[in-house]
Structure formats: C-alpha cells, structure tokens
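Encoded as structure tokens, the structure appears first; notes follow it.
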C-alpha cells in the first residue's frame, strides 16, 4: 500500500489557521467550506489529534494545532524560498498580491506606480486596501504594506526604508484670515486643529524647537480617521492640520492651503515598505519593493 502524502491537507490547514475561519479560508483558496472541513478532518485523522476547537461561531487552534502550525509555516517558507531561488529573475509576474497603503498616499502616489506594474505584467492581480489604520499583516493575510512613521511590533516582519517626507502644518487662507496665523508652537493651543484618530492618522504632531524634535498634542477640535478627509476638512476652513507633504502638495500649489510655522514644523516622517517574513522571497513582493525603492531614489515618492 503506497505511503500517504505527508503534505496532504497541510496548505488548507495553514490557510484555515491564519484565517481563523473555515469560510474565510475557503474564499481565499477558491474552494468550498466543506472541502476545507474535510481536508482538515482527514489531516486530524492521519495525525491522531485535534488541530482545531470548532463551534458554530469560533474556530481556534488547539495546543497541538499551534505547535503543528509553527512547524508547517516554517516548512512552507522553506519550500517557497526554494521555488523563488529556482525562478528566473526576469520571469513574468503572476498571481495575486495583497497590498495595504495609506489612503491619500496610496491613491495619489502609489496607485499610478502599481497600475504601471500591472500593465507590464498583465497576469498579476492586485487586492488593494486603502486605509489609514495599521493592519495586522499576518491576520489580514496582507503581502505588503506601506507605513508612515516609526515602526512598532515588527516581530515576524521585514521593513525596507523607502523615503523620508517632510511634515507640514497648514490651514486654509479663509481660516487664517478669520483666526490669524500662529507665530509660535505655543500659539497652537488657541487655534482649532484637525487631527487623526487612534486607528487612523496620528493625534500627535511633531515640531522642532532649539534643535530638538518634540511630540506635541494639539487641540483635538476635530478628529478624522481618514487622512484624505482630514486634509479636505482643513482646506474647508475647519482648522490647522499637520500631514506629510505629499498629501497636500497640490493643495499648496493651488493656494487652497497655506503652510504655517515652516521653520519648526518640517520634521521628516519615515516611509517604509513592510512585509511578513513568509513573503520575503516572494517574486511579486520583491519586484514591487524594488520598484518602489527605485521610484524613491528618483524622487517620485517624496
């Protein structure tokens, strides 16, 4: 009797474990929920242990399932690395690439670059998420994310610095005509400010005083969870805002916004490409990151 394939059902198990749901795993794999359940059941029977606690609402790993997932994930990464190593550097990109990016920067700067990549590689499919919230790349099954600011919780992640962008504090001409122009950082407390939210653009601003960078909390007159909407609120006269220069460059050129406190507010913010270690040798991810690095060097991302 031939030996059973030791990898049978493993990829389905890993997908279900990462998704936390048989239904979501089925959607990602392009198979039915029933097929996922049967593959996992056969794997559990072969191993002689339960891998999941399953209820009508919840699917979570058992202790044995956690240990098996760690071993399987490591093995799959090694197989992916071997496949990538055997691939030609000039091969045509194909398959799906899931990318998370900030709303305004993504639409204005990154989307034209990504559409150009797809024109060159028509077999490549993109799943793009425009969000100013920080996603969990592993839980949300994201291949690549673009993040502004200092990186946190980078365990199991790889980061590539792309560019530094100056922050700018600005307001509409109408607002400044009504309320006056702040001449010092301390004067900000007497102004209306449009800031982010805990799960969106930052609440804090950064200024440079006497050579040191300080983190300040301006008045939270208006809170907006979307960076693009935050800029539009400031342009409509609701108050001052501080954002990366790329988000307001057109507004400044058109006179819809005017910079203030330029001598102390142009504190750079880092922009990184971030991806899970499991994707470190993905040809699709490597190609896009390399293209973004080249665009940054050419000044396109500034």
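Read the figures in this text as sums done on the coordinates, not as results from a lab. Not measured: the values here are computed from a predicted model. Reconstructed Cβ throughout: ideal geometry from the backbone, glycine too, with neighbour counts over all protein chains shown.
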So how far apart, in nm, are the two label points at residue 254 and residue 33 if each is 7 Å from Cα heading toward Cβ?
4.6 nm
Tell me whether region 165-269 comes out rounded, prolate or oblate; compute the Cα gyration tensor, take square roots of the eigenvalues as a ≥ b ≥ c, and use a/c under 1.5 as the rounded threshold.
rounded
With everything on Cα atoms, drop me the angle between helix 283-297 and the longest principal axis of the chain, reported from 0 to 90° to the nearest 10.
20 degrees
Once you put a point 7 Å from the Cα of residue 179 and another 7 Å from the Cα of residue 294, both along the Cβ direction, what distance in nm separates them?
4.5 nm
Per the C-alpha gyration tensor (a ≥ b ≥ c, the square roots of its eigenvalues), region 92-152 is rounded if a/c is under 1.5, else prolate if a/b beats b/c, else oblate; here it's oblate
Compute the angle between helix 33-47 and the longest alpha-carbon principal axis of the chain, please, reported from 0 to 90 degrees and rounded to the nearest 10.
60 degrees
Provide the FRET efficiency to the nearest 0.05 for the residue 60-residue 151 pair, computing r from the beta carbons and using R0 = 25 Å.
0.30
Classify region 98-221 as rounded, prolate or oblate from the Cα gyration tensor: take a ≥ b ≥ c as the square roots of its eigenvalues, call it rounded if a/c is under 1.5, otherwise prolate when a/b beats b/c and oblate if not.
prolate
Please determine, in degrees from 0 to 90 and to the nearest 10, the orientation of helix 245-254 with respect to the longest principal axis defined by the Cα atoms of the chain, where the helix direction is its Cα long axis.
40 degrees
Förster radius 41 Å - calculated FRET efficiency between residue 127 and residue 45, Cβ distance, rounded to 0.05:
0.75
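Note down the relative contact order for the chain as a percent, whole number, built from C-alpha pairs under 8 angstrom at least six residues apart.
The value is 20 percent.
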Taking 0.36 nm per residue of separation between residue 263 and residue 94 and subtracting their Cα-Cα distance, the length gained on full extension comes to 56.1 nm
